[in-house]
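First comes the structure, then the notes that go with it.
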Amino acid sequence: MRVVRCVGMGVLCVVVLVWQEAAAFHPSIYAPRVPEGELERIQEMESPFRERQEYVDKGAKIYFGKGECVTCHSNDGTGVKLPGHQPRDFTDAKWQDLRTDGELMWVLENGSPGTGMPIRVGTVITKDEGWWVIQFIRAYRGARKEN
Ligand code: HEC
C-alpha cells in the first residue's frame, strides 16, 4: 500500500516513509497488532474452550501468577505506567470489541514487536493457559463506562 501510494511523489514520498517507519508501530492502540497478511486468518482463530467461569478462574491464576501479566497490566487491568508503549488497558470496551480472541492469542505467542509486551505462550505459559487468561482478560471489559 505504502509503495503504491508513493509512486510519483518523489522526495516527499521518502519523507513520509521515513516518518512512518520511525513511528514504527502504532499510530493507535486500536490498530491491529497482527501483520496485515495474517490478520484475516488469525481473526478467525477460535478458542477451543467455551466460555466458562472455571476457565476465567484458571485464567486469573495465570494472570496473577506465572504469566506475570499483573506486573505490567496491574490488578484492575488498566495497566501500570511504563516508558514507551503503555500496557493495554483491558477495561477499554472499544478495544475489547475490536479484537478477536485469535488476535489476543497471536500477541501471547508473538509478543507485540517494538513494545514491552513479551512472548508468553511457549515461554512461561502453555497455549491452553493462554486461552484461559484471555477469558480472564475479557472479564475486565466494561469495568469502565465512558466507552
Ligand atoms: C513487561 C510488561 C508486560 C507483561 C509482563 C505483559 N504485558 Fe501485555 N502488554 C504490555 C505492553 C507494553 C502492551 C502494549 C503493546 C502494544 O501497544 O502493542 C501489552 C499489550 C497486551 C495486549 C494487547 C495487544 C493488542 O492486540 O492490543 C494483550 C492482550 C496483553 N498484553 C496480554 C498480556 C497477558 C495475558 C500477559 C500475561 C500472560 C501480559 N500481557 C504480560 C506489557 C506487558
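From the list Gly102, Gly77, Gly59, Gly67, the lone residue that is out of contact with any Phe, Trp or Tyr (no Cβ under 9 Å at 6 or more places or on another chain) and more than 21 Å from Pro35 (Cβ to Cβ) is Gly67.
Selection within the range 71-86: residues that are closer than 18 Å to Pro118 by Cβ and surrounded by 15 or more Cβ atoms within 10 Å (Cβ to Cβ). The member of this set that is farthest from the chain's Cα centre (by Cα) is Ser74.
Take Phe49 and tell me if it is buried (at least 16 other Cβ atoms within 10 Å of the Cβ), part of a loop (DSSP other than H, G, I, E, B) and more than 10 Å from the ligand (Cβ to nearest atom).
Details: buried (at least 16 other Cβ atoms within 10 Å of the Cβ): yes; part of a loop (DSSP other than H, G, I, E, B): yes; more than 10 Å from the ligand (Cβ to nearest atom): yes.
So Phe49 passes the test.
Filtering the range 92-111 for residues that are more than 20 Å from Gly142 (Cβ to Cβ), more than 7 Å from the ligand (Cβ to nearest atom), over 16 Å from the mean Cα position of the chain (by Cα) and aromatic (Phe, Trp, Tyr) leaves an empty set. Criterion first (among the β-branched types (Val, Ile, Thr), under 23 Å from Ala31 (Cβ atoms), near the ligand (Cβ under 9 Å from one of its atoms) and part of a loop (DSSP other than H, G, I, E, B)) does Val80 satisfy it? Judged against the criteria, Val80 is a match. Can you find a residue that is within 11 Å of the ligand (Cβ to nearest atom), of a type in the set (Lys, Arg) and either buried (at least 20 other Cβ atoms within 10 Å of the Cβ) or not in a loop (DSSP other than H, G, I, E, B) (or both) anywhere in the range 114-129? There is at least one residue in the range 114-129 that is within 11 Å of the ligand (Cβ to nearest atom), of a type in the set (Lys, Arg) and either buried (at least 20 other Cβ atoms within 10 Å of the Cβ) or not in a loop (DSSP other than H, G, I, E, B) (or both). Taking every residue in the range 108-131 that is within 16 Å of Phe49 (Cα to Cα) and small (Gly, Ala, Ser) and pairing it with any residue that is in a loop (DSSP other than H, G, I, E, B) and near the ligand (Cβ under 8 Å from one of its atoms), at least 6 positions away or on another chain, the pairs with Cβ-Cβ distances below 8 Å are Gly130/Arg120.
Only a single criterion out of (1) more than 7 Å from the ligand (Cβ to nearest atom); (2) at positive phi is not satisfied by Glu68, namely (1).
A short reminder: the numbers here are calculations on the coordinates, not readings from a lab. Since the structure is predicted, the reported quantities are computational estimates derived from the model, not experimental observations. Backbone-built Cβ (ideal geometry, glycine too); neighbour counts: all protein chains shown.
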